[in-house]
Amino acid sequence: MTHRVYRSLAVSLLVFVASCAQIPTAELAQYRSASAEVQKAAEGILIDFAAIKEASEAEQKRKEAEKAAPKGPVLFSTALEYSSVAQPDAVTVRRTALRTIDNFNNTLATLAEGKSVEAVQTAAGGAVEAANNFIVAAGAAAVPGLGALIGVVKTLVGELEKAGLREEFDKAVRNGTPTILKMLEALIAERQDHITLRAIAADNQQVKLVDEMISQVQILRTLVREHSPPASGDPRQDIENALNAALKPVERVLTSPLPIRLSYQDKTPPFASEHRLLAEQAVAQITERGAAINANTEQFEKLRSALNNYGAMLRRMQDALGMLVSALDRPQKFDKVSEDLFGIAFSLKKDIEGFRAARKGSN
Amino acid sequence: MAQPDGNSIKRLYDEGMSEVFKIVGSIDSTPEQRRVARETAEDLTAMLVKHTLESIDGRTALLAGLIVELNQVIAAVKKEPPYAEALGNFTAIVTKAQTLFTEDVKNLT
């Protein structure tokens, strides 16, 4: 009778404990996989971020120094630096943020792996054995069916441990999520500053290249305009065709419409072979600048695409974390819980029956 | 006077740069116009770079604070729940009690 009461009590306790001891491992796995993707992609993004930030800062310092360059006699500066605290390096902080998220994820994984369940079961077995040894040392008979009793204790303590881990997991996810979401939000917003610095660099490179290219077009136009047609073998049309062919791939950066016409002017010296050579050199330089303009555009677009993909990864990680949090509040799937309960109840029943049989045998 | 926000600085930069490109991209612009355009590009660049670097610095401070917060959450997680330790202590106490008891029995006999 007493055994039946104990058994039903133990099973009821297990039903309660097991029903809340489920860590949402599928959602955790999805979140960790999204996070691992972000960690991998972030390294390449941060390398470029560091490079463009450093270049922009160096350029800014150079311009400031240029503006502040003293005119007239140079006086010794009395300005001193008052801050002894080094400013944290921007890129290191971003790497640390990602590493801290990774540490947090590893902590969650440790809880989900439940290694302490085995440890606690071993300790429980040891405690029961120690208690039995004490009884024997005191002169009493050893507890019959101790092996099975240890099984009962281990099952119960293991389930309690799982519930404890689930509670810690729940607390960690709920406490860590708002901070991680803020970090991810900051990294998503950061892409805007990253692309802005790259756009500024690309714009400046483009201004320089377009300016050089158009200057060559102007030189070429002037070269032809300052001459009249040669007596024979006029190369003007060929040069004009080559010029427009060179400009065609970069038509979008030109304000002047294509085709550009080259025309001679009367009462000027004839266009000679050395002029033709100069004209061909100018067209070659225009072609070269055009290629550089396209390369500059392509390079920028590739980074923009990389930052878009990186943003998508960060958002996926946000979503996965959101799903993990939702899973904490959602009742576990009934079939999974009932399957677990069936396993636990069966092993407990076997242990209790073994214990009862051993006791009966000793009486 | 209120400080211009990030959007208005970027808009100003975009509008200014668009004019710069119109001048440098025209075969009819004069050398003087081109020089002014290049200088304008430099000024616009300095303005937007300054603002962007300030924005990055602000985010660095924010992230540094969030790192501290998350580390506190990690530190607060008990990876070793109390049962293992409590059971270990219990075993040690019982074993010690058993030793003392055995010695007492020996002393009495």
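Values computed for the structure shown
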item: Gyration tensor verdict on the range B:1-77 (Cα atoms; rounded if a/c is under 1.5, prolate if a/b is larger than b/c, oblate otherwise); result: prolate
item: Formal net charge of residues neighbouring A:VAL253 (Cβ-Cβ distance under 13 Å; K, R +1; D, E -1); result: +1
item: Proxy reagent accessibility, fewest Cβ within 10 Å first, across A:LEU28, A:LEU223, A:LEU278; result: A:LEU278, A:LEU223, A:LEU28
item: Given A:LYS63/B:LYS50; A:LYS182/B:LYS10; A:LYS115/A:LYS182; A:LYS208/A:LYS248; A:LYS67/B:LYS22, the pairs whose alpha carbons are separated by over 22 Å; result: A:LYS182/B:LYS10; A:LYS115/A:LYS182; A:LYS67/B:LYS22
item: Per-residue Cβ neighbour rank within 10 angstrom, fewest leading, A:MET313, A:MET323; result: A:MET323, A:MET313
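A short reminder: the numbers here are calculations on the coordinates, not readings from a lab. No experiment lies behind these values; they were computed from the predicted model shown. All Cβ positions, glycine included, derive from the backbone under ideal geometry; neighbour counts span all protein chains shown.
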